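Down below is the structure, laid out as structure tokens.
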Amino acid sequence: MKLVYFAWVRERVGKAEEEIVPPASVTTVAELMRWLGQRGEEYAHAFDNPRVIRAAIDKSHVRPDTAISGAREIAFFPPMTGG
Amino acid sequence: MAVTIRLQSENFDAAAEAAALTGGRTDIGAVVTFTGICRGAEDGEPIRALTLEHYPGMAEAEIARHVEQANARWPLIGVTVIHRHGRIAPGENIVLVVTASSHREAAFAAASFLMDYLKTRAPFWKQVERASGSAWVEAKAADDAAAERWVKPAGREAAE
């Protein structure tokens with residue numbers, strides 16, 4: 001699946017997007033964030049406080065307990081500050 | 001309902017957009033035009049610019065979804081939403097919401113609703129640029145509270 005990052009999540013991870021294949025044991029958005037946080041220093045920094053990170057699956061807002069199976073694109077970003 | 005949604009880096013002309021929405025029609029009795037403008041100072045400290053990042057595809061979809069919700073709640077004739085991205089200097093426009101209806105109540109309420117949702121649910125992120133460096137703007141609890149006030153139990157619409 002494709003992951004995309006925005007704002008300070010993008011800056012901390014150090015890239016705007018990437019393709020990943022998480023292990024089968026990772027089934028929800030919250031578990032994906034936990035798994036990503038263990039991928040290295042940049043990821044640990046980006047995901048050290050998952051409660052402040054919002055997620056979208058295929059361009060729709062989702063909650064942390066949402067299943068990721070079948071997702072083509074998952075986005076992680078800080079709370080929005082548009083308008 | 002006539003709907004125009006645009007994301008763009010260039011500035012816009014709020015008066016021209018409102019005129020385009022109402023031109024040639026006689027069923028519109030009220031137009032509310034809200035323009036959000038980049039301030040030259042934040043918390044008493046001057047800023048050089050704002051830079052807005054957005055999630056292409058999702059930003060348009062989220063705005064369209066909320067325009068549909070507004071249309072379901074109030075009798076609207078037309079809505080225009082324009083949101084800029086990229087670097088915006090103080091004094092320049094950031095966002096435009098134009099709502100048109102037969103009567104003012106619907107136009108005022110729908111414009112307010114759309115702005116509250118744009119601030120908290122549309123995937124845009126502001127970075128403020130100062131002489132001392134750049135920083136991401138933090139989401140405000142007051143904006144969340146403003147969006148929350150539109151979530152009401154069913155059956156209370158008539159009170160608006």
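Here are a few things to note about the model shown:
- Each residue in segment B:53-105 was checked for being among the charged types (D, E, K, R) and over 16 Å from the mean Cα position of the chain (by Cα), and 4 of them qualify.
- Of all residues in segment B:125-136, none satisfies being under 21 Å from residue B:33 (Cβ atoms), touching a residue at least 24 places away in the same chain (Cβ under 8 Å) and not hydroxyl-bearing (Ser, Thr, Tyr).
- Residue match in segment B:34-48 (condition: aromatic (Phe, Trp, Tyr), away from every other protein chain (no Cβ under 14 Å), surrounded by 15 or more Cβ atoms within 10 Å (Cβ to Cβ) and not in a helix (DSSP H, G or I)): no
- Conditions (1) in contact with a Ser or Thr (Cβ under 9 Å, 6 or more places away or on another chain); (2) in contact (Cβ under 8 Å) with a residue 60 or more places away in the chain; (3) within 14 Å of chain B (Cβ to nearest Cβ); number of the one not met by residue A:68: (3)
- Breaking point among (1) closer than 21 Å to residue B:53 by Cα; (2) of a type in the set (Asp, Glu); (3) in contact with a helix residue (DSSP H, G or I) (Cβ under 8 Å, 6 or more places away or on another chain), for residue A:58: (3)
- Residues in segment A:15-66 that are surrounded by fewer than 18 Cβ atoms within 10 Å (Cβ to Cβ), of a type in the set (Val, Ile, Thr) and not in a loop (DSSP other than H, G, I, E, B): A:28, A:52.
- Criterion (without any contact (Cβ under 8 Å) to a residue 24 or more places away in the chain and either over 25 Å from residue B:62 (Cα atoms) or not hydrophobic (A, V, I, L, M, F, W, C) (or both)) met by exactly one of A:14, A:40: A:40
- Residue in segment B:11-20 that is surrounded by 15 or more Cβ atoms within 10 Å (Cβ to Cβ) and either among the charged types (D, E, K, R) or under 27 Å from residue A:72 (Cβ atoms) (or both) present: yes
- When we screen B:10, B:45 for residues that are farther than 22 Å from residue B:85 by Cβ and of a type in the set (Asp, Glu), the only hit is B:45.
Only the coordinates and a few stated rules stand behind these numbers; no lab work does. Since the structure is predicted, the reported quantities are computational estimates derived from the model, not experimental observations. Virtual Cβ from ideal backbone geometry, glycine too; neighbours counted across all protein chains shown.
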